[in-house]
Amino acid sequence: MAATTSTIKEDDHQFLLKKQSKLDEEKTMCSNKNRFELELEFVQSLANPRYLHHLATTTSTTSTTTSSNNNNNEDDDDDDDKEPIDILNSKEMIEYLSYLQYWYRDPRYSKYILYPHCLYFLKLLQTDEFRKAMRNPRRVEEVHVAQFTFWAEDLTERVRKVTTTTATNDDGIEESKKK
C-alpha cells in the first residue's frame, strides 16, 4: 500500500512539474531547455572575477517615475527622472542571484557545472560586502590571483598523484605501483 501511495504522489509530482513547466514557458516566453542553458551559462560566468568587476562597475539608468506619469505628454527624453544603478547591486540582480542558489543546493543541477568556483562566488555574491569588494580593481585582482593559484596547485597535485601511482616498465607499458 505504501508503494502505491508513493507512486501516486510521484505521478502527481510529475504532473505538477509538467503543468508548472508549461506555465513558466508561457510566462517567460522561453523554453525550459533554453532557460536552463542560459542560466547555466550565466552561473558559470560568475567564476570570472573580472566579469564580476564589470557588473559591479557598470551602471544602468532606470526610470524612477511611476507608470501613471509615463502616460502624460511630457518629453520622454528628459534625463532628470533617471538615476544610475550599479548592475551587480541592483535589487533585480540581488533577487536573481538569490533565485540562482538552487545551482549549488541541488546536485541535479550542480553536476552540469564545469567551473566550480562559480558556485563559491554565487554564494559570496549573496553578501553585500563581497558585491562591494568587486568594485575595487585591487580586490578583484587578489581574487583572480588566489583563484589561479588554487587551480595551479590543484593541477600540480593531480599530476604528482598520477606520476607517483604509475610507472613504466622496460617495455614502455605503464604499471601501477604497489603500495
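The values are calculated or read from the model by the stated rules, or taken from the named source; none is laboratory data. Since the structure is predicted, the reported quantities are computational estimates derived from the model, not experimental observations. With ideal geometry, Cβ positions are generated from the backbone for all residues, glycine too; neighbour counts draw on all protein chains shown.
Key figures for this structure:
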| read-out | value |
| --- | --- |
| Residue match in region 164-174 (condition: in a helix (DSSP H, G or I), out of contact with any Pro (no Cβ under 6 Å at 6 or more places or on another chain) and modelled with pLDDT under 95) | yes |
| Region 147-156, residues that are touching a helix residue (DSSP H, G or I) at 6+ places or on another chain (Cβ under 9 Å) and within 12 Å of Asn48 (Cα to Cα) | Gln147 |
| Scan of region 13-41 for residues that are modelled with pLDDT of 75 or more and surrounded by 10 or more Cβ atoms within 10 Å (Cβ to Cβ), ordered by number | Glu25, Thr28, Cys30, Ser31, Asn32, Asn34, Arg35, Phe36, Glu37, Leu38, Glu39, Leu40 |
